[in-house]
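Below you'll find the structure, written out as structure tokens, and then a few comments.
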Amino acid sequence: MSSSQTSVVHKVDVGEDGFSFDPTSLSASAGDTVEFHFYPQNHSVAQAAFDDPCHPLNSSGFFSGFVPTNEESKTVFTLTVNNTDPIWYYCGQEGHCQAGMVGVINPP
Ligand SMILES: [Cu+2]
């Protein structure tokens, strides 16, 4: 890998401050990775469409699975960013997306 193409690891805290992702929005380049770190009680990360933010994008959209935990979980969900198209995601736990638990990578 050349030094001009160094990939960046972005971190997103899931549920550390209630029904939210921190940061809610981030910019990533192709080849970067995004690590989702899970906090209590039980959250997930699932890909959504912009116009339907609380439902799965389609059968190929990513889903971390639910991560029940009483502290910062050792489970980390890592996503590789292949391009700079927007990636919308939400928490699939019942009621969380409706409470505002949504995020985006590379907002338009
Ligand atoms: Cu949640």
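If the condition is being of a type outside the set (Asp, Glu), within 16 Å of the ligand (Cβ to nearest atom) and not in a strand (DSSP E or B), then segment 73-105 contributes SER73, THR75, CYS91, GLY92, GLN93, GLY95, HIS96, CYS97, GLN98, ALA99, GLY100, MET101. Picking from residues in segment 7-31 that are modelled with pLDDT of 95 or more and among the hydroxyl-bearing types (Ser, Thr, Tyr), the one that is nearest to VAL81 (Cα to Cα) is SER29.
Only strands (runs of 3 or more DSSP E) whose full extent lies in segment 1-57 are considered here, and the ones with at least 1 residues that are touching a Ser or Thr at 6+ places or on another chain (Cβ under 6 Å), away from the ligand (no atom under 11 Å from the Cβ) and among the hydrophobic types (A, V, I, L, M, F, W, C) are 9-14.
Test VAL8 against the stated conditions and say whether it is in contact (Cβ under 8 Å) with a residue 12 or more places away in the chain and surrounded by 14 or more Cβ atoms within 10 Å (Cβ to Cβ). It is false that VAL8 is in contact (Cβ under 8 Å) with a residue 12 or more places away in the chain and surrounded by 14 or more Cβ atoms within 10 Å (Cβ to Cβ). Could we say that ASN70 is within 16 Å of the ligand (Cβ to nearest atom) and out of contact with any strand residue (DSSP E or B) (no Cβ under 7 Å at 6 or more places or on another chain) here? So ASN70 passes the test. On inspection, SER73 passes the criterion of being under 29 Å from THR6 (Cα atoms), touching a His at 6+ places or on another chain (Cβ under 8 Å) and among the polar types (S, T, N, Q).
Answer yes if at least one residue in segment 60-70 is loosely packed, with under 14 Cβ neighbours inside 10 Å, of a type in the set (Gly, Ala, Ser), assigned to a loop (DSSP other than H, G, I, E, B) and at pLDDT 95 or above, and no otherwise. Yes, segment 60-70 contains a residue that is loosely packed, with under 14 Cβ neighbours inside 10 Å, of a type in the set (Gly, Ala, Ser), assigned to a loop (DSSP other than H, G, I, E, B) and at pLDDT 95 or above.
The values are calculated or read from the model by the stated rules, or taken from the named source; none is laboratory data. Keep in mind it's a predicted model, so treat the numbers as computed, not measured. Heads up, the Cβs are rebuilt from the backbone with ideal geometry, glycines too, and the neighbour counts pull from every protein chain shown.
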